[in-house]
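Contents: one structure, followed by commentary.
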There are 2 protein chains.
Amino acid sequence: MTASPPSADRAPAPDVDVVVVGAGLSGLTAAHRLRQFGATVAVFEAAPRVGGRVSSAEVAGVHVDLGGTFVGPGQDRILALADEVGVSRYRTYAAGRNVIRWRGDHRRYRGTVPPVGASLLDVGRIQLTLDRLARTVPRGNPAAAPQAANLDAESLGSWLRRSHASPAARELIAIAGRTTWGCEPDEISFLHALHYIHQAGGLSSMLDTEGGAQEEHFVEGSHAIAVRLADALGAALRVSAPVRRIETAAQGVRVSTADETVTARAVVVAVPPALRGRIDFAPALPPSHAQMAQRWPAGVLSKAYAVYERPFWRDHDLSGQGLSDTGPVFITFDAGPAHAGAPGVLLGFIGGVYAREWDELAPAERAARALSSFADLFGPRALDAIGFIDQRWGAEPWVGGGPTAAPGPGAVVPYAGALAAPVGSILWAGTETADRWTGFMDGAVRAGERAALQARGILSSSSTDHEQTGVVR
Amino acid sequence: MTASPPSADRAPAPDVDVVVVGAGLSGLTAAHRLRQFGATVAVFEAAPRVGGRVSSAEVAGVHVDLGGTFVGPGQDRILALADEVGVSRYRTYAAGRNVIRWRGDHRRYRGTVPPVGASLLDVGRIQLTLDRLARTVPRGNPAAAPQAANLDAESLGSWLRRSHASPAARELIAIAGRTTWGCEPDEISFLHALHYIHQAGGLSSMLDTEGGAQEEHFVEGSHAIAVRLADALGAALRVSAPVRRIETAAQGVRVSTADETVTARAVVVAVPPALRGRIDFAPALPPSHAQMAQRWPAGVLSKAYAVYERPFWRDHDLSGQGLSDTGPVFITFDAGPAHAGAPGVLLGFIGGVYAREWDELAPAERAARALSSFADLFGPRALDAIGFIDQRWGAEPWVGGGPTAAPGPGAVVPYAGALAAPVGSILWAGTETADRWTGFMDGAVRAGERAALQARGILSSSSTDHEQTGVVR
């Protein structure tokens, strides 16, 4: 698209305008927008499939989302992209009462705040304090928060202890943290937790179903968005093609897999932060970038789906949403299809300390334990599944874990700046680099769109430099 | 060496008995011992030079150790190896008084405990408590310590605050931590800090010059040990040859670089934990191994050497050992040659928070700041250096940082077991996998020797399986 008449005093034209590394939602969005801008792209994906942390499967005839699933209000970019590619959505089933197993007790409740007894006031206090502190952390620039170094020096867990949070409040936050970051409260920088909460619009927006980030999911599945973007790329997309090396040259970049080398004016690296470390950069990345890749590990989250003849819990005025203070499954949703008469689907999360044990178990043992957790919450009928599947994100070599990076104490102030800062013609995408909804599908799309705009900037300046007349402006 | 008569009912003999990945001190030791056992080896090193975190340079005609430098009592394996390859050692200059700049004040003192005023008693209390707790952590198995999960849940920094350590005690521990782990106290798991201290024989043994781990250094330089081991390997060693992929097959392993594939009965991976993540393993490593590689980042430590016409500080009864509560250089040693009349050499460490800033500076700025730090401690004559060199370990792509891995809170109990546990025929070396003197050159040698013994075990069992009559037993 930026092809221009040959000229003796200029380097040969690159093979494409922009190479995108990683065909997750973020990289695919970047490539899609760049093509809309009139740029040519090549997209390399290490895994044999596209989607990254968005994936799907069919179990007993029912589609399930193995990775990113839900969307909610304020997640405008993923919603717009889904509309654009024709993937529709429906409301997460949330009618009736929720279930909680707590301290051996089994209760039903309505709304979002579980009945944890006398601790309820304390849960409210902790939530309010977290929300208030979260708003002090500037989105996209956590190091600029007041007292940033102190907030980064401790973990969420250490802050909870220091704030004399009740055991129930600590445990509820731990459950939220396992689902959100795939780690225990002691593993995550308190500054990062606050920044994340702020980006998601506060704890309620982050955790709620109705009015929150779990409000809707996609009829065709979230993976359909990735697949449609990938299909449109055609031959510009290579899967099973891990990028080994990115060299920066005077005129742009050279990106190499084991089999081919492609030159471009810019590259968008859209992989989780830890996986940046798998690529050889020449010249080497600045130390802060290289060190960041060692200090923003992916969390550990697994998901389990059980499919039933019908959503029997709905008959008992239960929403399918459950919470448990024991594992392995500690939080559940009704993830069943929208139409009446459809099979029932329970989705359970296994994260943090539970996921580490889970990920090493044999498949049959994992199924037995998950169904047992479902039965603890919804009764013995939950054992009669007609289908079961789980997904261990921590066992995926080209993803590294899920749902998102969980930096430990001290890793945010010195290194958050390296997440999205361009290094010459090397640009960065992936949900961790977003300044809104980091960790969510919406963050992935936002980051991809931002990287596409940055790449367009490089293309238009190099067009000017070379007096080209391409359509890229 | 294990060559055996061809047989129709057996897989083809592998190219070598054992492949070693990484020609640092640990990998080179493994290869050296395996050859002594009669095994054939191939050693791949990603960088253009051998030595890993041991390196050297000449400045103004003087040899300096850019990486691992000192050795001390109890470090029996590095001492034995050095003797074996004919590298000799001499005592670190420590005569006279040490210098401390503290709270704007400048003092001289003898011995190892700096005069930090009324806080001195508290420093002693903290040190005693650390030593006592360290002894409760079993060497090589920190997860088995009493209260291991609680010790792992917090950082060294959080423990210091919770123990109401005085600011002086906290700062002295921070200085020790920056030198030892290349990080701030808030970044490192308290359990790991204790385990490390225990492995090093206690804080005094770890930090002291006389009678401690800084007691001696090598006349020919520590790097000479690596070079002599490498020279003996001849064509069995390839440098500039990053290993990309390790496949486990029925009969052993296939290890591939961009240019060649070598088959072997076993592989010893002797790279820092974070760099394990750069290799594709097929089948994928167990989740705990893969996740560990994301959670044991290398610290950030840089070293600066200034060379002077003569060691002028010695004239003033100064040892060259200095301590400062400001950076960038916060601890110094006289690293000069043993013989009288030789030039003077000051070695300064820049670690943790100081190293992050330092590593991004231009060379001239780094030199100016280091000399200024030396002058703060030893007077303006320290500005008159005839030579200067520094080494930024955090900027080395095939090392990733230094001096050793610094796992954050929560990364030890679930993941320390993955450091040294074999995965089939894949064995692990590197100083982080040692059960004594982890983080030191001695730990690297111990780990290499342990891996060589493990590999010998695999060779002798596969010899038996195949009725071979090789010399390996």
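For this structure, a couple of remarks:
- Tally, over region B:218-236, of residues that are of a type outside the set (A, V, I, L, M, F, W, C) and surrounded by 21 or more Cβ atoms within 10 Å (Cβ to Cβ): 3
- In the set (1) free of Cβ contacts under 8 Å to residues at least 40 places away in the same chain; (2) within 14 Å of chain B (Cβ to nearest Cβ), the condition left unmet by A:Gly351 is number (1).
- Any chance B:Ile386 is touching a residue at least 24 places away in the same chain (Cβ under 8 Å), of a type in the set (Val, Ile, Thr) and surrounded by fewer than 17 Cβ atoms within 10 Å (Cβ to Cβ): yes
- Hey, B:Asp384 touching a Lys or Arg at 6+ places or on another chain (Cβ under 8 Å) and either among the acidic types (Asp, Glu) or on the phi > 0 side of the Ramachandran plot (or both) or not: no
- Residues of region A:152-190 classified as of a type in the set (A, V, I, L, M, F, W, C) and either touching a Lys or Arg at 6+ places or on another chain (Cβ under 8 Å) or more than 11 Å from every other protein chain (Cβ to nearest Cβ) (or both), total: 10
- Checking A:Ala444 against (1) surrounded by 24 or more Cβ atoms within 10 Å (Cβ to Cβ); (2) more than 19 Å from the chain's Cα centre (by Cα); (3) at pLDDT 95 or above, the condition it does not meet: (2)
- The residues in region B:107-118 that are touching a helix residue (DSSP H, G or I) at 6+ places or on another chain (Cβ under 8 Å) and not in a loop (DSSP other than H, G, I, E, B) can be counted, and the count is 1.
- B:Val239 out of contact with any helix residue (DSSP H, G or I) (no Cβ under 6 Å at 6 or more places or on another chain), of a type in the set (Val, Ile, Thr), over 21 Å from B:Ala13 (Cβ atoms) and at pLDDT 95 or above: yes
- Residue that is of a type in the set (Ser, Thr, Tyr), out of contact with any Cys (no Cβ under 7 Å at 6 or more places or on another chain) and not assigned by TED's automatic domain parsing to the domain that holds A:Val255, where the choices are A:Thr404, A:Thr431, A:Thr438: A:Thr404
- Condition check for B:Ser324: in contact (Cβ under 8 Å) with a residue 24 or more places away in the chain, surrounded by fewer than 24 Cβ atoms within 10 Å (Cβ to Cβ) and at negative phi: yes
- Filter result (surrounded by 21 or more Cβ atoms within 10 Å (Cβ to Cβ) and assigned to a loop (DSSP other than H, G, I, E, B)) within region B:25-39: B:Ala39
- The single residue among A:Arg245, A:Arg228 that is of a type in the set (Lys, Arg) and farther than 25 Å from A:Val71 by Cα turns out to be A:Arg245.
- Single match in B:Val399, B:Val423, B:Val412 (criterion: out of contact with any Gly (no Cβ under 7 Å at 6 or more places or on another chain), of a type in the set (A, V, I, L, M) and either buried (at least 22 other Cβ atoms within 10 Å of the Cβ) or closer than 17 Å to B:Ala200 by Cβ (or both)): B:Val412
This table checks each residue for (1) among the basic types (Lys, Arg); (2) modelled with pLDDT of 95 or more; (3) touching a helix residue (DSSP H, G or I) at 6+ places or on another chain (Cβ under 7 Å).
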| site | (1), (2), (3) |
| --- | --- |
| A:Glu45 | no, yes, no |
| A:Ala57 | no, yes, no |
| A:His63 | no, no, no |
| A:Asp76 | no, yes, no |
| A:Leu120 | no, no, no |
| A:Leu128 | no, yes, no |
| A:Ala134 | no, yes, yes |
| A:Gly140 | no, yes, no |
| A:Ala148 | no, yes, yes |
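- Some residue of region A:108-117 being more than 25 Å from A:Phe312 (Cβ to Cβ), modelled with pLDDT under 95 and surrounded by 20 or more Cβ atoms within 10 Å (Cβ to Cβ): yes
- When A:Ala364 is tested against the conditions (1) surrounded by fewer than 24 Cβ atoms within 10 Å (Cβ to Cβ); (2) in contact (Cβ under 8 Å) with a residue 40 or more places away in the chain; (3) more than 14 Å from chain B (Cβ to nearest Cβ), the lone failure is (2).
- Scope region B:300-309; condition among the hydrophobic types (A, V, I, L, M, F, W, C) and more than 9 Å from every other protein chain (Cβ to nearest Cβ); matching residues: B:Leu301, B:Ala304, B:Ala306, B:Val307
- Considering only residues in region B:303-361 that are aromatic (Phe, Trp, Tyr) and touching a strand residue (DSSP E or B) at 6+ places or on another chain (Cβ under 7 Å), the one that is nearest to B:Ile173 (Cα to Cα) turns out to be B:Phe330.
- Residue match in region B:413-433 (condition: within 14 Å of chain A (Cβ to nearest Cβ) and either in contact with a Lys or Arg (Cβ under 7 Å, 6 or more places away or on another chain) or at pLDDT below 95 (or both)): yes
- The residues of region A:422-455 that are under 25 Å from A:Gln214 (Cβ atoms) and not in a helix (DSSP H, G or I), listed by number, are A:Ala429, A:Gly430, A:Ala434, A:Asp435, A:Arg436, A:Trp437, A:Thr438, A:Gly439, A:Phe440.
- Helices (runs of 4 or more DSSP H) contained entirely in region B:351-421, each with at least 1 residues that are within 27 Å of B:Gly320 (Cβ to Cβ): B:353-358, B:363-378
- The strands (runs of 3 or more DSSP E) found wholly in region A:185-279 and carrying at least 2 residues that are of a type outside the set (A, V, I, L, M) occupy A:216-218, A:243-249, A:252-257, A:261-264.
- Residue check, A:Arg244 closer than 24 Å to B:Ala411 by Cα and of a type in the set (D, E, K, R): no
- Residue in region B:93-104 that is at pLDDT below 95, away from chain A (no Cβ under 14 Å) and closer than 30 Å to B:Ala230 by Cβ present: yes
- Residue count for region A:361-383, restricted to those that are under 18 Å from A:Val64 (Cβ atoms) and more than 28 Å from the chain's Cα centre (by Cα): 2.
- Among the residues making up region B:286-299, those that are out of contact with any Asp or Glu (no Cβ under 7 Å at 6 or more places or on another chain) and at the interface with chain A (Cβ under 9 Å from one of its Cβ atoms) are B:Ala290, B:Gln291, B:Ala293, B:Gln294, B:Arg295, B:Pro297, B:Ala298.
- Qualifying residue in region B:310-322 (condition: away from chain A (no Cβ under 14 Å) and of a type in the set (S, T, N, Q)): yes
- Among the residues listed as B:Val239, B:Val267, the single one being buried (at least 23 other Cβ atoms within 10 Å of the Cβ) and more than 14 Å from chain A (Cβ to nearest Cβ): B:Val267
The values are calculated or read from the model by the stated rules, or taken from the named source; none is laboratory data. Predicted model only: the values in this text are computed from it and were never measured. Virtual Cβ from ideal backbone geometry, glycine too; neighbours counted across all protein chains shown.
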